[in-house]
Structures are given as C-alpha cells and as structure tokens.
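Once you've had a glance at the structure underneath, I'll fire off some questions.
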Amino acid sequence: MSLIIIRADSNEKILNAIADLERHGGLKVIGKPRLMRRELADRLASSILGGPLRSRASAAAVVEVEEDDTESIMAVRRIHPPAHLIVVSSEYDEYGELRDIFRNLRVMRGYYSHKG
C-alpha cells in the first residue's frame, strides 16, 4: 500500500486526478480520499522533493492505494493528471507522519470510484 499526496488548484482537479489514477494509472484507491491542509501538503512535498516548490497548492488531499510504492510511482509517471502527485514511499521519514494523521483527516466529498 502507498500514500499519494495530491496538490492542486481546486478540489475538482483533485477529484479528476484521482479518477486519472484509477482509470489510466490502473491503481486501486482504498477507502475515501482525505482532505489535508495545503500548508501541510506543501511542507511534506518540499521535504520529500528536497527543495522549494514552484507554487503553493490551493487544495490538497491524500489517498491510499492498494499497489506498492514502485507500482504507484510507475503509474503516476504514465499519466498526466491536472494536479501534482507525490507518492510517499515508506522509505521517507514523512511517511510515518502522514500515516499517523491519515485517519484523522476529513473525508473528501464527491469521490466515487468507477471500479467495483
């Protein structure tokens, strides 16, 4: 299982990016996406990427997918979603922090998986 941070201009773009992950990336989202503070998403993304970000997010969410880190990274590389996606591998220190807060984040409304 992997966690993927989604940074975007709007919640609609987040929902489109999640749909792209499923439809075009072939990933299976577990449960519901969770909204996160955009400042937290920016801080985690900057830390993982090892440098400053080009722009700040207007909206942010995190999803858990069934596939492992490598499969998730390869799927993200194949698609072109309308958002910035960061696969948070268990190798990163930030993974533990994100895993700890994941269940306490508010569920994002409007998400419906097209997969059964």
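Within region 47-64, does at least one residue satisfy the condition of being part of a strand (DSSP E or B), farther than 19 Å from Arg99 by Cβ and at pLDDT 95 or above?
Within region 47-64, one or more residues are part of a strand (DSSP E or B), farther than 19 Å from Arg99 by Cβ and at pLDDT 95 or above.
What are the residues in region 1-17 that are open to solvent by 60 Å² or more (accessible area, probe 1.4 Å) and of a type outside the set (Asp, Glu), if any?
Met1, Asn11, Lys13, Asn16
While we're here: Assuming Met74 fulfils every condition listed in (1) surrounded by 18 or more Cβ atoms within 10 Å (Cβ to Cβ); (2) part of a helix (DSSP H, G or I) apart from one, which condition is it?
In the conditions (1) surrounded by 18 or more Cβ atoms within 10 Å (Cβ to Cβ); (2) part of a helix (DSSP H, G or I), Met74 misses (1) alone.
With the requirement that a residue be surrounded by 15 or more Cβ atoms within 10 Å (Cβ to Cβ) and not in a loop (DSSP other than H, G, I, E, B), what does region 77-96 give you?
His84, Leu85, Ile86, Val87, Val88, Glu94, Tyr95, listed by residue number.
Could you grab me the full set of residues in region 18-33 that are open to solvent by less than 50 Å² (accessible area, probe 1.4 Å) and not acidic (Asp, Glu)?
Matches in region 18-33: Ile18, Ala19, Leu21, Gly25, Gly26, Leu27, Val29, Pro33.
Moving to a separate point now. So which residues in region 37-67 are in contact (Cβ under 8 Å) with a residue 24 or more places away in the chain and either loosely packed, with under 13 Cβ neighbours inside 10 Å or small (Gly, Ala, Ser) (or both), if there are any at all?
Ala41, Ala45, Ser47, Leu49, Ala57, Ser58, Ala59, Ala60, Ala61, Glu66
The values are calculated or read from the model by the stated rules, or taken from the named source; none is laboratory data. A quick note: this is a predicted structure, and the numbers were derived from the prediction, not measured. For neighbour counting, all protein chains shown are included, and Cβ atoms are generated from backbone atoms with ideal geometry for every residue, glycine included. The protein model used for the area step is the full one, side chains on, heavy atoms only, and it has no ligands, DNA or RNA in it. Shrake-Rupley method; radii C 1.70, N 1.55, O 1.52, S 1.80 Å.
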